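Engineer: Following this message is one structure expressed as structure tokens.
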Amino acid sequence: MLKGNGAFIYEETTRNERSQTLYFIDPFVEDSKMGAYLWPCDERCNDNSGSCGAIIDADLVDGFSVETISPWLVGALVAAFILQAVINGISIYLLSMVGQKIVAELRDRMWVHLIRLRVPYFDQQASGETVSRVVNDTGIVRNLITDHFPQFITGIISIIGAVTILLLLDWKMTLIMLISVPLTIAIMIPLGRRMAKISRSLQDETATFTGHVQQTLSEIRLMKSSTAEMIEEKRGQSGIQTLFQIGLKEARIYALIAPLMYTVVMAVIVMIIGYGGIRVAEGTMSTGSLVAFLLYLFQIIMPMTGFALFFTELQKAKGATERIIEILDLPLEEGQEGLQIDIANKTLRVSNVSFSYEKGEPVLKNLSFEAKPGEMIAFAGPSGGGKTTVFGLIERFYEPEDGTITIGETPINELSMLAWRSQIGYVSQESAMMGGTIRENLVYGLPEAGAISDEVLWNVAEMAYAKEFIQEFPEGLDTQVGERGVKLSGGQRQRIAIARAFLRDPKILMMDEATASLDSQSEGIVQQALSRLMEGRTTLVIAHRLSTIVDADQIVFIEKGQVTGIGTHEELSRMHGLYSEFAEQQLT
């Protein structure tokens with residue numbers, strides 16, 4: 001039968017005369033019978049016993065000869081392979097990019113949430129464990145999304161396409177192949193549950209170990225001065241051994257998955273080859289069709305083995321996301337939104353405030369006092385009485401259980417946290433510093449930090465008696481202070497912390513043992529600077545050395561969380577027995 005340009009089709013009957021095939025003939029190529037079906041015409045189609053299958057692979061095998069090779073066909077195949085490779089590469093990159101973006105947004109959300117959590121959370125949780133949640137747990141999620149999810153998606157697409165073709169090629173053999181699906185599910189469900197449990201244990205132990213490592217290294221001087229190397233060695237090795245044992249449990253799961261999946265795959269292949277061989281022998285299937293079926297079968301098997309690993313990693317990621325969600329569900333500090341008012345020239349009142357870190361263990365009981373503008377209010381009393389806790393409540397690190405704290409007539413919890421804290425200068429007894437330069441520590445937290453001139457920085461350093469030692473450093477304000485300021489002495493760190501408070505120009509100045517690390521000469525100069533700074537400002541001071549607070553307008557004496565006396569130095573010396581003992585011991 002002639003078909004345009006001299007091409008024609010002829011009909012050929014197989015030797016057993018059970019099926020017929022139509023072939024395409026190119027008159028310009030000698031003896032060029034191409035092994036490609038133009039349309040189904042097999043008797044097997046009529047009795048539903050098989051498929052003619054418009055599949056090029058089968059006919060390439062059945063009708064293959066050197067004469068059938070065409071440059072156009074080879075070029076088309078090469079182009080198809082290249083196109084597939086390009087599309088595969090682009091899809092993997094795009095899916096990986098999406099995965100990286102998702103994890104980046106998750107880490108960003110966790111970080112923003114963490115730095116706004118209430119202070120009590122950090123009192124109860126080791127910082128290393130929290131770091132592990134942000135880095136390690138999100139890393140597990142990243143591995144799933146960027147490394148395994150793209151392969152899972154491309155595998156799904158490949159399987160859908162291959163199964164569709166196999167159903168058209170031979171639905172009976174395809175059903176035999178699909179027997180492996182319930183077998184695989186039956187294997188993966190119990191192993192996946194076991195993996196999820198192991199993964200949660202591994203993540204918890206990793207967080208604990210990370211916290212221990214971070215704590216030990218951050219206090220390396222304490223560890224060495226205490227000759228605790230052997231103790232920390234054993235603790236570290238214990239944590240490492242625990243992680244090792246959990247890792248072995250995880251390895252056992254992987255060790256089971258691989259051979260079980262291999263067994264299922266080989267069983268399917270053997271059944272397909274056996275059943276297909278019988279049909280070839282009976283003449284109901286050609287050799288080429290069997291080869292084509294096996295080729296497409298391998299396109300299913302490869303992704304299926306990857307699915308086992310994907311669902312295993314999915315269970316690991318499930319445990320990680322549970323920990324991440326626990327953090328994201330924690331309540332934030334109240335007062336992110338609130339009133340924006342100037343607190344200058346307003347009286348600070350603390351009225352009947354009670355507070356406890358743990359239920360049933362009160363730290364403060366019905367504490368009351370007030371600080372008028374420009375007054376210096378000092379807090380004295382035995383250690384552990386609750387003086388520093390009062391500062392924590394005023395800073396709103398904690399919320400009182402009972403009572404109120406007001407500025408003017410406004411409760412401080414109605415102010416926005418930014419508006420309140422930006423008007424307070426706080427110098428703690430720990431002399432907290434961030435890693436970086438002296439300049440970065442001085443301007444830390446200030447929105448206009450980049451616009452602050454060196455002249456201003458040197459002025460506040462001089463006020464805090466820090467200018468002299470800073471100038472002695474070759475790099476001056478750009479001197480690196482080390483982690484937590486370890487390259488500076490305690491007195492130097494304290495003076496930089498005081499200079500930082502000066503720079504904020506606070507309406508309320510809070511000093512918690514601010515001069516404790518200074519020698520007598522430095523203390524005198526700092527006290528003079530403080531006197532200038534306190535003009536027109538409310539100042540709260542905690543001091544164990546009464547010499548620094550004898551000139552305070554009011555001294556609040558706190559014992560076991562309760563105010564037992566309020567007055568000037570002279571008044572308390574006459575009326576308060578314990579204060580008079582303190583004064584006699586320290587001032588005479």
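Engineer: Restricting the calculation to Cα positions, tell me the Rg (one decimal) and the Dmax (whole number) of region 354-413 in Å.
Structural biologist: Values for region 354-413 (Cα only, Rg and Dmax): 12.0, 37 Å.
Engineer: Hey, another quick one. Binning at 10 angstrom from zero up to the longest distance, how are the C-alpha pair distances of region 214-282 distributed in percent?
Structural biologist: Reading upward from the zero bin: 16, 21, 15, 14, 11, 9, 8, 5, 1.
Engineer: Beyond 15 Å, what share of the Cα-Cα pairs of region 374-452 is found? Please give it as a whole percent.
Structural biologist: For region 374-452, the fraction of Cα-Cα distances above 15 Å is 69 percent.
Engineer: Excluding Arg116 itself, what net charge comes from residues whose Cβ is under 14 Å from its Cβ, given Lys and Arg +1 and Asp and Glu -1?
Structural biologist: It works out to a net charge of -1.
Engineer: OK, next. State, to one decimal in nm², a quarter of the convex hull surface area for the C-alpha atoms of region 411-456, i.e. the direction-averaged projected area.
Structural biologist: Value for region 411-456: 4.5 nm².
Engineer: Turning to a different aspect of this structure: Given points 7 Å out from each Cα along the Cα-Cβ axis, report the Lys172 to Glu322 separation in nanometres with one decimal.
Structural biologist: Here the answer is 4.9 nm between the modelled labels.
Engineer: Which part of region 203-228 falls in the paramagnetic zone of Tyr121, meaning amide N under 14 Å from the point 7 Å along Cα-to-beta-carbon?
Structural biologist: none
Engineer: Check cross-link reach from Lys316 to the lysines: straight Cα distance under 28 Å, and skip same-chain residues fewer than eight apart.
Structural biologist: Straight-distance partners of Lys316: Lys101, Lys197, Lys249.
Engineer: Another question, then. Just order 274-284, 554-564 by mean Cβ neighbour count inside 10 Å, highest at the front, would you?
Structural biologist: 554-564, 274-284
Engineer: Could you give the length gained on full extension between Thr242 and Val291, defined as 0.36 nm per residue of separation minus the Cα-Cα distance, in nm?
Structural biologist: 12.6 nm
Engineer: Considering amide H positions built from the backbone, and no H for Pro or chain starts, which residues 5 or more places from Met510, or on another chain, come under 5 Å of its amide H?
Structural biologist: Under 5 Å from the amide H of Met510: Gly425, Tyr426, Val427, Leu540.
Engineer: Give me the net charge of Leu587's neighbourhood, meaning all other residues with Cβ under 13 Å from the Cβ of Leu587; Lys, Arg count +1, Asp, Glu -1.
Structural biologist: Taking every other residue near Leu587 into account, the sum is -3.
Engineer: Measure off 7 Å from each Cα along the Cα-to-Cβ vector at Arg109 and Ala255, then give the distance between these two points in nanometres to one decimal.
Structural biologist: So the two model labels end up 3.8 nm from each other.
Engineer: Moving on. Please find the FRET efficiency linking Asp147 to Val456, where r is the Cβ-Cβ separation and R0 is fixed at 56 Å, and quote it to the nearest 0.05.
Structural biologist: The calculated FRET efficiency here is 0.65.
Engineer: Name the lysines eligible as straight-distance cross-link partners of Lys234: C-alpha to C-alpha under 20 Å, and not fewer than 8 places from it in the same chain.
Structural biologist: Correct list for Lys234: Lys224.
Engineer: Another question about this same structure. Assuming R0 = 41 Å, what is the FRET efficiency of Leu587 and Ser351, from their Cβ-Cβ distance, to the nearest 0.05?
Structural biologist: FRET efficiency, Leu587 to Ser351: 0.80.
Engineer: Taking 0.36 nm per residue of separation and subtracting the Cα-Cα distance, what length does fully extending Tyr444 through Ile189 add?
Structural biologist: 86.6 nm is the gain from fully extending Tyr444 to Ile189.
Engineer: Once you have the Kirkwood Rh of region 427-509 from its Cα pairs, apply Stokes-Einstein at 20 °C and 1.002 mPa s and quote D in µm²/s.
Structural biologist: Once the numbers are plugged in, D ends up at 171 µm²/s.
Engineer: Can you give the FRET efficiency for Lys359 and Leu418, using 1/(1 + (r/R0)^6), R0 = 41 Å, r = Cβ-Cβ distance, to the nearest 0.05?
Structural biologist: Once the sixth-power term is evaluated, E becomes 0.85.
Engineer: Which log10 I(q)/I(0) values, to two decimals, does region 322-393 give at q = 0.14, 0.27 Å⁻¹ under the Debye formula with one point per Cα?
Structural biologist: Each listed q maps to, in turn, -0.70, -1.26.
Engineer: Quick one: Kirkwood hydrodynamic radius for region 105-205, alpha-carbon pairs, angstrom, one decimal?
Structural biologist: Final number for the Kirkwood radius of region 105-205 is 17.6 Å.
Engineer: Count charges around Asp329 for me, please; just the other residues with Cβ under 14 Å from its Cβ, Lys/Arg as +1, Asp/Glu as -1.
Structural biologist: Around Asp329, the surrounding residues sum to +3.
Engineer: Using only the Cα atoms, work out Rg/Rh for region 318-438, with Rh taken as the Kirkwood radius, to two decimals.
Structural biologist: Taking Rg over the Kirkwood Rh, I get 1.03.
Every read-out reported here was derived from the displayed coordinates using simple, explicitly stated rules and does not represent laboratory data. Computed from a predicted model, the values in this text were never measured in an experiment. Backbone-built Cβ (ideal geometry, glycine too); neighbour counts: all protein chains shown.
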